[in-house]
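Novice: Okay, handing you the structure first.
The values are calculated or read from the model by the stated rules, or taken from the named source; none is laboratory data. Not measured: the values here are computed from a predicted model. With ideal geometry, Cβ positions are generated from the backbone for all residues, glycine too; neighbour counts draw on all protein chains shown.
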Amino acid sequence: MPSITRRPPRSDEDRTAVRARLLATTQRLLTEGVGFTELGVQRIAAEAKVARSSFYVHFRDKSELLLLLATSLKQKSFDIVSRWQSEREADWEGLARAYEDVLTLYRENAAVLRAINEAATYDPAVRAAWNAQLGRFHRTVADRLRADQRAGLLGPDVDPEIGARVVVFGGFAVLSQHIADGDAADDAAVAREVALAHWHGTFRRPAVP
C-alpha cells in the first residue's frame, strides 16, 4: 500500500506571514488605484501568491480584510488624539498639532480611507463597523467634556454627548474631505481651523446666557 505523505500543519508564524501578506497586498493594490468594489478575492490572493482557499482561512470576505486595515488606521489616529488629551496643559495649539498628525496619517493611508468610504455606501456591515470605530472617539471626547465640566473649565450648558458628536463626526468629515480633495500644503491651516472651531466652540465654549 503506498504511503501517504501529509503536509505538516502551518505554524502560527506561517499563518501570521500569510495574513500580513494579504493585508499588505490589498493596501498596495488600493494605493495603485484599484477600486475596492472592483477588487476581487481572486486577484488579492493571486497578487499575494497564496491560494484563494487560503484567503478564506484568514478572512470571511474582503470586507473583513478592509475593516482590519481600517481598525489599524483608527487605532493610530486614536493614539495621536489620546496623547493630546493626556497632556497636562492641553490647549488648542496642541489639538491643532494632533489634527495635523492625523492628516499626515490619513494621507499615508488615503487609499484605505477611500476604500472604507466607498464600501460604507453599500455595505451595512462596513458602515456599522466604521461608525463603531468613530464611536470610540465619541465616548472618549464625551468623557473629556464631562471631566472639564466637573473641573469648572467648561460651562454646564454644553451637552457632552452632542458636543462630542459634533467634534468627532464633524471633524472626521472635514479631515477626510480635505484628504480627498485638498492640497497637502494646506494641511496645517485646515488642522488649525478645525482645532480652533472645536476648542472655542466645544471644549472651552463660553457660557451662553
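Novice: Do we find a residue being of a type in the set (Phe, Trp, Tyr) and assigned to a helix (DSSP H, G or I) anywhere in region 110-128?
Specialist: Checking region 110-128: not a single residue is of a type in the set (Phe, Trp, Tyr) and assigned to a helix (DSSP H, G or I).
Novice: While we're looking at this one, here's another question. Are there any helices (runs of 4 or more DSSP H) wholly within region 145-202 with 3 or more residues that are within 17 Å of residue 101 (Cα to Cα), and if so which?
Specialist: Values: elements: 160-165, 171-181, 187-198.
The helices (runs of 4 or more DSSP H) meeting that bar are 171-181, 187-198.
Novice: Next question. Quick one: residue 141 ticks every box in (1) surrounded by fewer than 19 Cβ atoms within 10 Å (Cβ to Cβ); (2) of a type in the set (A, V, I, L, M, F, W, C); (3) in contact (Cβ under 8 Å) with a residue 12 or more places away in the chain; (4) within 28 Å of residue 120 (Cβ to Cβ) except a single one, so which number is it?
Specialist: Residue 141 satisfies every listed condition except (1).
Novice: Hey, any hits in region 146-161 for a residue that's in the same structural domain as residue 71 (by TED's automatic domain parsing), crowded, with 18+ Cβ neighbours inside 10 Å and within 22 Å of the chain's Cα centre (by Cα)? Before you say what the answer is, go through the steps one by one.
Specialist: Narrowing region 146-161 to residues in the same structural domain as residue 71 (by TED's automatic domain parsing): 146-161.
Subsequent filtering for residues that are crowded, with 18+ Cβ neighbours inside 10 Å retains 148, 154, 158, 160.
Next, from what is left, pick out any that are within 22 Å of the chain's Cα centre (by Cα): none.
No; the residues of region 146-161 include none that is in the same structural domain as residue 71 (by TED's automatic domain parsing), crowded, with 18+ Cβ neighbours inside 10 Å and within 22 Å of the chain's Cα centre (by Cα).
Novice: Okay, next question. When region 28-52 is examined, which residues are found to be assigned to a helix (DSSP H, G or I) and either over 20 Å from residue 112 (Cβ atoms) or touching a helix residue (DSSP H, G or I) at 6+ places or on another chain (Cβ under 6 Å) (or both)?
Specialist: 30, 31, 41, 42, 44, 45, 46, 47, 48, 52 - these are the residues of region 28-52 that are assigned to a helix (DSSP H, G or I) and either over 20 Å from residue 112 (Cβ atoms) or touching a helix residue (DSSP H, G or I) at 6+ places or on another chain (Cβ under 6 Å) (or both).
Novice: Here's something else I'd like to know. Just need a number here: residues in region 83-122 that are at pLDDT below 95, within 29 Å of residue 147 (Cα to Cα) and either touching a strand residue (DSSP E or B) at 6+ places or on another chain (Cβ under 6 Å) or loosely packed, with under 15 Cβ neighbours inside 10 Å (or both).
Specialist: Final tally of qualifying residues: 6.
Novice: Any idea which of 141, 194, 174, 166 is within 30 Å of residue 63 (Cβ to Cβ) and in contact with a Ser or Thr (Cβ under 7 Å, 6 or more places away or on another chain)?
Specialist: 166
Novice: Follow-up question, since we're still on this one. Looking at 159, 187 in this structure, which one is out of contact with any Cys (no Cβ under 7 Å at 6 or more places or on another chain), among the acidic types (Asp, Glu) and under 29 Å from residue 114 (Cβ atoms)? Let's see the steps before the verdict.
Specialist: Numbers: 159 fails: under 29 Å from residue 114 (Cβ atoms).
Sole residue among the options that is out of contact with any Cys (no Cβ under 7 Å at 6 or more places or on another chain), among the acidic types (Asp, Glu) and under 29 Å from residue 114 (Cβ atoms): 187.
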